[in-house]
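Trainee: Provided herewith is a single structure, encoded as structure tokens, for subsequent inquiry.
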Amino acid sequence: MRILTEKTSTASPKVLPPISIGTLSSTPIGPLWIALSDLGIVVVDWSMPQVDFIHRIRQRFNTNAIVDDVLTAEPLRQISEYLSGKRREFDLTIDLSGMTQFQVNVLKLTLDIPYGQITTYKEIASRHGNPRAARAVGLIEALNPIPLLIPCHRVIGSDRSLHGYGGPGGIKLKSWLLNLEQSKD
């Protein structure tokens, strides 16, 4: 997975390029939306109808959202393969620009968790150099804008139990995703 964290667009700051969106109308977790900036994937969501997703994207990025089946085809294909148990890794670019360095570092460490494996919030905080930052790591994971691709579902509590999931569906979906990955080993 490639990660970009700084905008390199030549567009004027007042006229931002539109965000491209696409959908998978049917997945095991429900209809799924994806949004791409000119640098990469910025949002994955499956909790709302199209009109609400477009409104969310317009508000967050202060630009237009346009349906683009061509640009979103490959990421949607890879996500579909993942959800059907046919894919373990993504070959996509994600855009983490606009995030703090701490958020980027935590999400990069989350990306390093292998398919079918788990780690804890405290272990990620320790790998970042601050074992006392487990709660901050938990908040970053809960607000992860690109779940599934950045596998925050693979992060659990120090007591080895599921302590929430910021993606739509909560702990029930987190458990389903972990079971999906465990059953494919």
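Results for (1) at pLDDT 95 or above; (2) assigned to a loop (DSSP other than H, G, I, E, B); (3) more than 19 Å from P147 (Cβ to Cβ), shown as yes or no for each residue.
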position: S12; (1), (2), (3): no, yes, yes
position: G22; (1), (2), (3): yes, no, no
position: P28; (1), (2), (3): no, yes, no
position: A35; (1), (2), (3): yes, no, no
position: T63; (1), (2), (3): no, yes, yes
position: P75; (1), (2), (3): yes, no, no
position: R88; (1), (2), (3): yes, yes, no
position: D91; (1), (2), (3): yes, yes, no
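Trainee: Taking the stated definitions as given, is D91 touching a residue at least 60 places away in the same chain (Cβ under 8 Å), of a type in the set (D, E), over 30 Å from P131 (Cβ atoms) and crowded, with 18+ Cβ neighbours inside 10 Å?
Mentor: So D91 does not fit the description; no.
Trainee: Give me a count of the residues in region 120-153 that are within 22 Å of V44 (Cα to Cα) and surrounded by fewer than 20 Cβ atoms within 10 Å (Cβ to Cβ). Full working, then the answer.
Mentor: Our first condition is that a residue be within 22 Å of V44 (Cα to Cα); within region 120-153, this holds for 121, 136-153.
Next, from what is left, pick out any that are surrounded by fewer than 20 Cβ atoms within 10 Å (Cβ to Cβ): 136, 139, 142-143.
The qualifying residues number 4.
Trainee: When you scan region 62-71, do you find a residue that is under 16 Å from the mean Cα position of the chain (by Cα), crowded, with 16+ Cβ neighbours inside 10 Å and either touching a residue at least 24 places away in the same chain (Cβ under 8 Å) or within 14 Å of G40 (Cβ to Cβ) (or both), even just one?
Mentor: Within region 62-71 (the criterion being under 16 Å from the mean Cα position of the chain (by Cα), crowded, with 16+ Cβ neighbours inside 10 Å and either touching a residue at least 24 places away in the same chain (Cβ under 8 Å) or within 14 Å of G40 (Cβ to Cβ) (or both)), the answer is no, since none of the residues qualifies.
Trainee: Among all residue pairs at least 6 apart or on different chains, which show Cβ distances below 7 Å where the first residue, located in region 150-167, is assigned by TED's automatic domain parsing to the domain that holds V137 and the second is in a helix (DSSP H, G or I) and of a type in the set (F, W, Y)?
Mentor: Close Cβ pairs satisfying both conditions: V155/Y121; G157/Y121.
Trainee: In addition: Output the number of residues of region 154-174 satisfying the condition of being out of contact with any strand residue (DSSP E or B) (no Cβ under 7 Å at 6 or more places or on another chain) and modelled with pLDDT of 95 or more.
Mentor: Summing the residues that are out of contact with any strand residue (DSSP E or B) (no Cβ under 7 Å at 6 or more places or on another chain) and modelled with pLDDT of 95 or more in region 154-174 gives 0.
Trainee: Another question about this same structure. Of all residues in region 154-183, count the ones that are closer than 18 Å to P28 by Cα, surrounded by 22 or more Cβ atoms within 10 Å (Cβ to Cβ) and of a type in the set (A, V, I, L, M).
Mentor: Here the count works out to 1.
Trainee: So, one more: How many residues, within region 115-136, are β-branched (V, I, T) and in a helix (DSSP H, G or I)?
Mentor: The number of residues fulfilling the criteria is 1.
The values are calculated or read from the model by the stated rules, or taken from the named source; none is laboratory data. This is a predicted model, so every value here is computed, not measured. As a convention, Cβ positions derive from the backbone with ideal geometry for all residues, glycine included, and neighbour counts pool all protein chains shown.
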